[in-house]
Amino acid sequence: MPSRRTLLTGLSGVAVGSLAGCVTDLTDTASAGASIPLGADRLAFRDGFESEAVELRQKYGDHGVWGLDGPRSPALGADTEYLGARVQQLDVPEEHGGRPFALAHGAALVYRVGERRRVWLWLAARPRQVSGRLGRTNLSRLAVETEPGPGWELTVATPRGPTREGPVAVSLDERGPSARVPLEGGGLAADTYELGPAGRVEVAWQGVSGETRAVHALVEYASTGDDAFEPPVSVRVAAARGAL
């Protein structure tokens, strides 16, 4: 099995080759990122995430928060408690102020599992094609990233990959949450996987797609002190628009 670096490097070559076959020049590239605050006072949807998951599935289809399992929340183990979530919308803007390259949403759902915390990370994007123009808008990279924050450490995360075949089962164990998520073209890998109190996890989809794509991850944290649980979480989308 190739290393995650080999996979992502290879996908970069595929991306360049694929674009060269359908456009003569890349006129613009764009990216956008956002942080998702997870302090206890910032969490919403405390009574459940089902209604929001339905709305996001209407926008992104099988690339919604729970992937192929639909908008319903997954079954949880007896010692797992859902605490709340945050959702962040971000547009991938055109440099010259034109129509955004893509619409994207990111979400982070927080769970208590015994004395630990788990966060379900999700990011989806839908490229916007320009009417009357031959060039296509293509997504090239979607990534979710987190660090443990003061008083906490990263203990495990999934998926780690690399893989180019879907669907992908994103799960740690029977305590949940978990879901089966699509992977249609491109590849998925933990581009960064460093555990411990100074750890960092970044899971990324990379490829070339003029259709909706998403990346999902599940990360677990353990307390090392008395600090509140406020892990830094960020999401980022990159896209390109070409002209024939």
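The values are calculated or read from the model by the stated rules, or taken from the named source; none is laboratory data. What you see is a predicted model, and the numbers here were worked out from it, not measured in a lab. Virtual Cβ from ideal backbone geometry, glycine too; neighbours counted across all protein chains shown. What goes into the accessible areas is simple: the full protein's heavy atoms, side chains included, and nothing from ligands, DNA or RNA. Shrake-Rupley method; radii C 1.70, N 1.55, O 1.52, S 1.80 Å.
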Subject >> Mean projected area in nm² (Cα convex hull; one quarter of hull surface) for region 137-244 >> reply: 7.4 nm²
Subject >> Per-residue SASA entry for Ser140, accessible area with 1.4 Å probe, Å² rounded to 10 >> reply: 40 Å²
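Region 132-184: which trypsin sites (Lys or Arg not before Pro) are DSSP loop and have at most 15 other beta-carbon atoms within 10 angstrom?
Passing both the DSSP loop test and the Cβ count: Arg133, Arg160.
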